[in-house]
Amino acid sequence: MTTPTKTHETHFRLGTRRSPLAIAQAEEARDRLAAAHGIDAAHIEIVAVTASGDRIQDRALAEIGGKALWTKELDAWLAGGEIDFAVHSAKDVETIRPEAFTIGAILPREDVRDVLVGAESIRALPQGAIVGTSAPRRAAQLLHARPDCTVVTFRGNVATRLAKLAAGEADATFLAAAGLRRLGETGTGHALDENDWLPAPAQAAIMIECRADDARTKAFLAAVDDAPSHIAVAAERALLAGLGGNCHSPIAVLTRHDGQDLIMRAALYSPDGAEKVEDEARFPATDGTGPAALAARLLARAVPAIAVHFSGAGADS
């Protein structure tokens with residue numbers, strides 16, 4: 001763990017996880033902020049912490065504490081004033097957050113697609129293929145499309161998962177296109193069509209949180225907030241809140257802007273992929289009730305094997 005240092009009033013301290021992708025995202029946030037304000041990037045100090053989710057690699061996230069394992073160390077620093085803001089992968093941040101924090105900015109969203117490494121497509125996977133993933137959404141989507149496949153737990157950063165694949169622990173695995181782009185590894189794997197293989201809620205978006213009462217930092221971050229990305233991510237997080245899912249709940253969603261409206265398509269699965277319910281909604285981007293209404297429709301149609309993994313508004317992990 002790197003200890004934050006006190007800096008001059010014109011400096012800001014940016015908190016991040018220590019993984020290679022997290023550092024790349026922190027550097028993107030720092031550089032965008034420096035460019036937006038016309039300051040040297042050295043005025044924004046990157047402070048890294050090894051998150052619990054990075055330390056524990058042998059079990060699925062849902063078994064060891066959920067998304068909080070990505071945020072709790074940075075939350076403590078932010079609450080204590082040791083950092084001014086924290087940079088997260090938006091998909092890793094719990095839907096229900098402490099009231100003391102607020103989203104200061106969502107950076108322009110990257111490619112939302114998943115990448116399949118080890119085969120050219122889901123259809124091209126060999127019969128009975130072993131596929132490594134720790135994401136309930138990816139596992140359920142795979143088993144829905146290819147029930148002959150077997151899923152094994154793959155955790156770790158991009159390099160770790162690729163090494164496991166190279167070692168023969170699985171025939172294929174999934175990675176996020178956005179993460180590969182941010183790491184400069186765009187030639188890896190085959191991107192899956194997002195219309196056929198829906199991404200995770202808030203996938204490919206970088207979220208910056210700060211203290212809700214810190215007007216100085218909020219004003220600083222506002223300069224890099226991308227409104228279309230923020231609106232879409234907020235809608236997807238509202239869908240999650242309406243569903244009451246947790247880290248065991250396979251949820252997939254794709255949101256598009258169409259003029260002043262959002263078109264949101266979402267699917268829920270049973271963990272074994274046997275059951276699926278899907279629906280789509282169009283609503284004004286300013287309509288905060290649209291995602292909740294879609295969540296209610298999905299839950300009303302969900303068979304028990306799906307519904308048992310959702311509890312309606314309020315649950316999270």
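The values are calculated or read from the model by the stated rules, or taken from the named source; none is laboratory data. Because the structure is predicted, anything quoted here is derived from the model rather than measured. Cβ coordinates were reconstructed from backbone atoms using ideal geometry, including for glycine residues, and neighbour counts include every protein chain displayed.
Among residues belonging to region 1-30 that are in contact with a strand residue (DSSP E or B) (Cβ under 9 Å, 6 or more places away or on another chain), assigned to a loop (DSSP other than H, G, I, E, B) and within 22 Å of Arg216 (Cβ to Cβ), point out the one that is modelled with the highest pLDDT. Looking at residues that are in contact with a strand residue (DSSP E or B) (Cβ under 9 Å, 6 or more places away or on another chain), assigned to a loop (DSSP other than H, G, I, E, B) and within 22 Å of Arg216 (Cβ to Cβ), I get His11.
In region 234-257, the residues that are closer than 23 Å to Glu209 by Cα form Cβ pairs under 7 Å with partners that are among the hydroxyl-bearing types (Ser, Thr, Tyr) and modelled with pLDDT of 95 or more, at six or more places apart or across chains, as follows: Ala235/Thr255; Glu236/Thr255. Ala300 falls short on exactly one of the conditions (1) assigned to a helix (DSSP H, G or I); (2) in contact (Cβ under 8 Å) with a residue 24 or more places away in the chain, and that condition is (2).
Anything in region 132-152 that is touching a Gly at 6+ places or on another chain (Cβ under 8 Å), crowded, with 22+ Cβ neighbours inside 10 Å and in a strand (DSSP E or B)? List them, or say none. Give the derivation first.
First pass over region 132-152, keeping only residues touching a Gly at 6+ places or on another chain (Cβ under 8 Å): 139-145, 147-152.
Still in the running and crowded, with 22+ Cβ neighbours inside 10 Å: 139-142, 151.
Result: Val151, single match.
Taken over region 31-59, the criterion of being part of a helix (DSSP H, G or I), surrounded by fewer than 21 Cβ atoms within 10 Å (Cβ to Cβ), at pLDDT 95 or above and touching a strand residue (DSSP E or B) at 6+ places or on another chain (Cβ under 8 Å) is satisfied by Ala34, His43.
For (1) of a type in the set (A, V, I, L, M); (2) more than 24 Å from Cys149 (Cα to Cα), each residue gets a yes or a no:
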site: His257; (1), (2): no, yes
site: Gln260; (1), (2): no, yes
site: Ser270; (1), (2): no, no
site: Gly273; (1), (2): no, no
site: Arg282; (1), (2): no, yes
site: Ala292; (1), (2): yes, yes
site: Leu298; (1), (2): yes, yes
site: Val303; (1), (2): yes, no
site: Ile306; (1), (2): yes, no
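Set side by side, the residues Ile306, Ile208 differ, and just one is under 30 Å from Leu74 (Cα atoms), surrounded by 17 or more Cβ atoms within 10 Å (Cβ to Cβ) and of a type outside the set (Ser, Thr, Tyr), which is Ile208. A residue that is surrounded by 16 or more Cβ atoms within 10 Å (Cβ to Cβ) and of a type in the set (Val, Ile, Thr) occurs somewhere in region 166-177.
To keep it simple, each residue is scored yes or no on (1) within 30 Å of Gly38 (Cβ to Cβ); (2) under 17 Å from the mean Cα position of the chain (by Cα); (3) modelled with pLDDT of 95 or more; (4) in the same structural domain as Glu27 (by TED's automatic domain parsing).
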residue: Cys210; (1), (2), (3), (4): yes, no, yes, yes
residue: Ala215; (1), (2), (3), (4): yes, no, yes, yes
residue: Leu221; (1), (2), (3), (4): yes, no, yes, yes
residue: Ser249; (1), (2), (3), (4): no, yes, no, no
residue: Ala252; (1), (2), (3), (4): no, yes, yes, no
residue: Asp258; (1), (2), (3), (4): no, no, yes, no
residue: Ile263; (1), (2), (3), (4): no, no, yes, no
residue: Ala266; (1), (2), (3), (4): no, yes, yes, no
residue: Tyr269; (1), (2), (3), (4): no, no, yes, no
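When you look at Ala200, is it at pLDDT 95 or above, assigned to a helix (DSSP H, G or I) and under 27 Å from Phe310 (Cα atoms), yes or no? No. Restricting region 156-187 to residues that are outside any helix (DSSP H, G or I) and among the β-branched types (Val, Ile, Thr), the residue that is modelled with the lowest pLDDT is Thr186.
Quick grid of which residues meet (1) in contact with a Cys (Cβ under 9 Å, 6 or more places away or on another chain); (2) polar (S, T, N, Q); (3) buried (at least 19 other Cβ atoms within 10 Å of the Cβ):
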site: Ala200; (1), (2), (3): no, no, yes
site: Gln203; (1), (2), (3): no, yes, yes
site: Asp213; (1), (2), (3): no, no, no
site: Lys218; (1), (2), (3): yes, no, no
site: Asp226; (1), (2), (3): no, no, no
site: Ala232; (1), (2), (3): no, no, yes
site: Arg237; (1), (2), (3): no, no, yes
site: Leu243; (1), (2), (3): no, no, yes
